[in-house]
Amino acid sequence: MKTLIASLALLLTISLNAAPMKALIIDGQNNHDFRSTTPHLKKLIEESGLFTVEIDTTPGQGKDMSTFHPAFSDYKVIISNYNGEPWPTETEQAFESYVREGGGFVSVHAADNAFPNWKAYNEMIGLGGWNNRNEKSGPYLRLRDGKFQPLAAPGPGGSHGKQHAFLMETRVPEHPIMAGLPAKWMHAKDELYDRLRGPAANLTVLASAFSAKEQSGTGENEPLLMTLTYGKGRVFHTALGHNNGKDLAAQRCVGFITTLQRGVEWAATGKVTQKIPDDFPSAEKVSLRE
C-alpha cells in the first residue's frame, strides 16, 4: 500500500510539474500593428502557465517569402496574427497537413482577412472578410429561430461599423471554452466585425454580438467567437482584438483574455482546465487589465 501511495504521489508531482506545451505565433504582415499585439498575445498565452510561446515573423510585404518555412510539427498550437501576402505553396501544404493531422490553430482578429483564395485556410477559419470576399466565398451566418444558419445572399464579405464597447452573448454555454462564463458580458471598445462569410462547415458559434445600425452596423447578431474542426485538428477563431496603434484596450479586456487563453488550450488539447477569473466582465461593465 505504501508503494502504491508513493507511486501515485510521484505521478501527481510529475503531472503538476509537466513541461509547458510549445505554441507558435506567426506575424510579419498585418493591417494592424502586430509589433504591439504579438508581444501582448505572447504574454497572455504564457500567463496561463500552460505554454511557452515562440514567434516566427515572415518577410515584410513585397519581400521574398520563399524562406518562410516554420516547423509546424514542433508545436501543439499555431496562433495567427498574420494578414498579408500568400505563403509559399509548400508552406501552405505543410500547414494544411499539420492541422489535418491534429495540430491546433487559433485565428486572431484580422487573421480572418487573410488568404481569400486559399481553400483549405478558409475551411479552417470558417468565415472571413475583406480582400474581395463575396457570395462566391460562401454564405453569411444569420441567427434565425435561435440558431445560426447559412444565408446565401449576394454582397461583400467583411465590414464593421464604429468602434465601440458591445455586449457579447454566449451561445453554447456547455462548450469547454465557454463553460462558467456569464450568458452576457461587456467587451471593450473594438471593431465589431460583421458580414463575415465563408464555407462555415463544421463550425460552432460560441458567442456573438448585435451589430446595431446606429453604430453603422448590420442590425444582425454577428458571430465573433467560433470553433471548427479540420480533419483531426481543432480551430478556435476569435474575431475580437483590434488595436489602434499601441492602444490595446480590446486585447486588454478580460473577456478577450479569458476566451483567448481558453481557446488556445482547447485548440491544443481538446479540453480546458483554466478557471474563470474573478475580474471577468459583467453584462453592465467592461473589465480591463494593464
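Name the residue, out of Ala283, Ala268, Ala201, that is under 22 Å from Arg100 (Cα atoms), modelled with pLDDT of 95 or more and assigned to a loop (DSSP other than H, G, I, E, B). Talk me through it step by step, then tell me what you get.
Details: Ala283 fails: under 22 Å from Arg100 (Cα atoms); Ala268 fails: assigned to a loop (DSSP other than H, G, I, E, B).
Just one listed residue meets the conditions, Ala201.
Kindly indicate the residue of segment 37-63 that is in contact (Cβ under 8 Å) with a residue 60 or more places away in the chain and open to solvent by 20 Å² or more (accessible area, probe 1.4 Å) and also nearest to Ala110 (Cα to Cα) among those meeting that condition. It would help to see each step written out before you state the result.
Taking segment 37-63 as the starting set, the residues that turn out to be in contact (Cβ under 8 Å) with a residue 60 or more places away in the chain are 37, 40-41, 44-45, 47-48, 50-51.
Retained after the next criterion (residues that are open to solvent by 20 Å² or more (accessible area, probe 1.4 Å)): 40, 47-48, 50.
Numbers: His40: 16, Glu47: 23, Ser48: 23, Leu50: 25 Å.
Top of the filtered list is His40.
Of everything in segment 124-156, what is under 22 Å from Ala207 (Cβ atoms) and open to solvent by 80 Å² or more (accessible area, probe 1.4 Å)? Give them in sequence order.
Across segment 124-156, the qualifying residues are Arg144, Asp145, Lys147, Pro150.
Residue-by-condition table, conditions (1) touching a His at 6+ places or on another chain (Cβ under 9 Å); (2) open to solvent by less than 10 Å² (accessible area, probe 1.4 Å); (3) not hydrophobic (A, V, I, L, M, F, W, C):
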site	(1), (2), (3)
Leu225	yes, yes, no
Leu228	yes, yes, no
Val235	no, yes, no
Leu240	yes, yes, no
Cys253	yes, yes, no
Leu260	no, yes, no
Glu265	no, yes, yes
Thr273	no, no, yes
Ala283	no, no, no
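Filter segment 206-261 down to residues that are within 24 Å of Glu123 (Cα to Cα), more than 10 Å from the chain's Cα centre (by Cα) and assigned to a strand (DSSP E or B), then give me how many there are.
Looking only at that region, the number is 13.
Find all pairs meeting these conditions: Cβ atoms under 6 angstrom apart; at least six residues apart or on different chains; first residue within segment 142-168 and under 20 Å from Trp185 (Cβ atoms); second residue open to solvent by 40 Å² or more (accessible area, probe 1.4 Å) and not polar (S, T, N, Q).
If the second residue must be open to solvent by 40 Å² or more (accessible area, probe 1.4 Å) and not polar (S, T, N, Q), the pairs left are Gln163/Lys189; His164/Lys189; Ala165/Lys189; Ala165/Val286; Leu167/Lys184.
The values are calculated or read from the model by the stated rules, or taken from the named source; none is laboratory data. All values derive from a computational prediction rather than experimental measurement. Here Cβ is always computed from backbone atoms with ideal geometry, including for glycine, and neighbour counts include all displayed protein chains. Just so you know, the surface numbers come from the protein's heavy atoms only, side chains and all, with ligands and any DNA or RNA stripped out. Shrake-Rupley method; radii C 1.70, N 1.55, O 1.52, S 1.80 Å.
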